[in-house]
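Written out below as structure tokens is the structure these notes cover.
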Amino acid sequence: MEFQKKERYNVNDLLKIMELLRAENGCPWDREQTHESIRMNFLEEVYEACDAIDNKNDDNLKEELGDVLMQVVFHSRIAEEAGKYNFDDVANDVCQKLVFRHPHVFGDVDVNSSSEVLDVWDQMKLKEKKSTSYTSEMDRVPKALPALMYSEKIQKRARKAGFDWPDVTGALEKVYEETKEVEQAIKDNNKIEEEIGDLLFAVVNVARFCKVDCEQALYNASQKFMRRFAYVEEKAGDNLKNMSLEEMDKLWDEYKKTMEVK
């Protein structure tokens, strides 16, 4: 195997390493992989990079960004072997896109604020994609996104078409309406999943108006639940499973009053 170990490598070395791993005498596992088989690996590496950002851990972020880059190289190598495209093609496409969507930097368009930049970006994106309708723009929202993020992007596309509440009041009223429909669905034991979906969609609408990140809000709520439950379990000890819900709730409220800063 022709490869020279170094003190420090660069992206060209990474491309060579991936080529060798996928070669006939390379790594059996790497050789077996396809776009589909490493799809979840890609998602996991991105989430791990996000964790590093949230934790403000620069060293960990550097490592995780490397793992994300490795995934890009991996997919590019698979495509190159199939005669479709290579890493240079991937880099070229994103460079072309960045130059095209920044006419205020690489052209003669004038902008005076970040909001104007986003307007220009959207205009150039529509031109680039040759979109013929707002529905076609909605259809381009990646379906692999987490559902809360997906629904928020769908709503933002609808807003661009003018199909939106004038303010948060209408969105909040819709939450109340959908809550009643969930209650009725449970009573009727019919269309429960559908009505809960409508309620979640309505809640996302409210969050969007309030400029709240739904994914982050739900994550924070989950973390808060875990902290409170941990307190209940610690106080209950071995008696947890024998406690009534009322007894657990008492400890839950105790934590809220004594441990959480208002």
Counting Lys and Arg as +1 and Asp and Glu as -1, each charge on the Cβ, what is the dipole of the chain about the Cα centre in debye, to the nearest 20? 480 debye
Have a look at Glu181, Glu63, Glu246 and tell me which one the Gaussian network model of the chain (Cα, springs below 10 Å) gives the largest fluctuation. Glu246
Remind me, relative contact order of the stretch 23-73 in percent, using alpha carbon pairs under 8 angstrom and six or more residues apart? 32 percent
Classified through the alpha carbon gyration tensor (a ≥ b ≥ c as square roots of its eigenvalues; rounded if a/c is under 1.5, else prolate when a/b is larger than b/c, else oblate), the stretch 1-50 comes out oblate
Can you tell which of Thr258, Leu20, Leu98 lies farthest toward the positive end of the dipole of the chain, using +1 and -1 charges on the Cβ of basic and acidic side chains (Lys, Arg; Asp, Glu)? Leu98
Roughly how big is the stretch 214-262's charge dipole about its Cα centre, with Cβ charges of +1 (Lys, Arg) and -1 (Asp, Glu), in debye to the nearest 20? 200 debye
Using alpha-carbon positions, the gyration tensor of the stretch 74-182 gives root eigenvalues a ≥ b ≥ c; with a/c under 1.5 called rounded, otherwise prolate if a/b exceeds b/c, else oblate, the class is oblate
How large is the helix-only mean residue ellipticity at 222 nm for the chain, computed as the sum of -39500 (n - 2.57) over DSSP H runs with n ≥ 4, divided by its residue count, in deg cm²/dmol to the nearest 500? -23000 deg cm²/dmol
Solvent exposure, largest accessible area first (probe 1.4 Å, DNA, RNA and ligands not counted), of Ile186, Ile38, Ile154, Ile192: Ile186, Ile192, Ile154, Ile38
Options (1) 1, 6, 12, 16, 18, 16, 13, 9, 6, 3, 1, 0, 0, 0; (2) 1, 6, 14, 19, 21, 19, 13, 6, 2, 0; (3) 1, 5, 7, 9, 11, 13, 13, 11, 9, 8, 6, 5, 2, 0, 0 for P(r) over Cα pairs in 5 Å bins from 0, in percent; the value derived from the coordinates is listed as (3)
How high is the relative contact order of the stretch 106-262, in percent, with contacts defined as C-alpha pairs under 8 Å that are six or more residues apart? 16 percent
With a point put 7 Å past each Cα toward its Cβ, work out how far Leu21 is from Ile186 in nm, to one decimal. 4.8 nm
Does the stretch 45-96 come out rounded, prolate or oblate, given a ≥ b ≥ c as the square roots of the eigenvalues of its C-alpha gyration tensor, rounded meaning a/c under 1.5 and, failing that, prolate meaning a/b above b/c? prolate
Take the alpha-carbon centre of the stretch 154-222, take the same for the stretch 13-45, and report the distance between them in whole Å. 41 Å
Neighbour-limited loop hits for GluC sites (Glu not before Pro), the stretch 5-45 (at most 15 other Cβ within 10 Å; DSSP other than H, G, I, E, B): Glu7, Glu24, Glu36
Roughly what would the spin-label model give for Glu233 and Leu126, points 7 Å off Cα along C-beta, in nm? 5.1 nm
Using a cut-off of 12 Å between beta-carbons, work out the net charge of the residues near Asp139 (Lys and Arg +1, Asp and Glu -1, Asp139 not included). +4
Along the charge dipole of the chain, which of Thr135, Val111, Met226 sits closest to the positive end, that is, farthest toward it, with unit charges on the beta carbon of Lys, Arg, Asp and Glu (+1, +1, -1, -1)? Val111
Could you pull out the pairs from Lys84/Lys125; Lys62/Lys129; Lys16/Lys62; Lys153/Lys174; Lys153/Lys224 whose alpha carbons sit more than 28 Å apart here? Lys62/Lys129
Of Ser115, Ser151, Ser131, the most mobile residue in a GNM of the chain (C-alpha springs, cutoff 10 Å) is Ser115
Only helices at least 15 Å long along their axis, Cα-based, and averaging -0.5 or more on Kyte-Doolittle count here, so list those DSSP H runs from the chain. 11-22, 39-54, 58-81, 87-100, 192-209
Label Ala79 and Asp108 with points 7 Å out from Cα along Cα→Cβ: what is the distance between them in nm? 3.4 nm
GNM on the chain, Cα springs under 10 Å; top mean-square fluctuation among Ala158, Ala144, Ala207 goes to Ala144
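The values are calculated or read from the model by the stated rules, or taken from the named source; none is laboratory data. These figures come from a predicted structure and were not determined experimentally. Ideal geometry is used to build each Cβ from the backbone, glycine not excepted, and the neighbour counts take in all protein chains shown. Please note that ligands, DNA and RNA were not included when accessible areas were found on the heavy atoms of the full protein model with its side chains. Shrake-Rupley method; radii C 1.70, N 1.55, O 1.52, S 1.80 Å.
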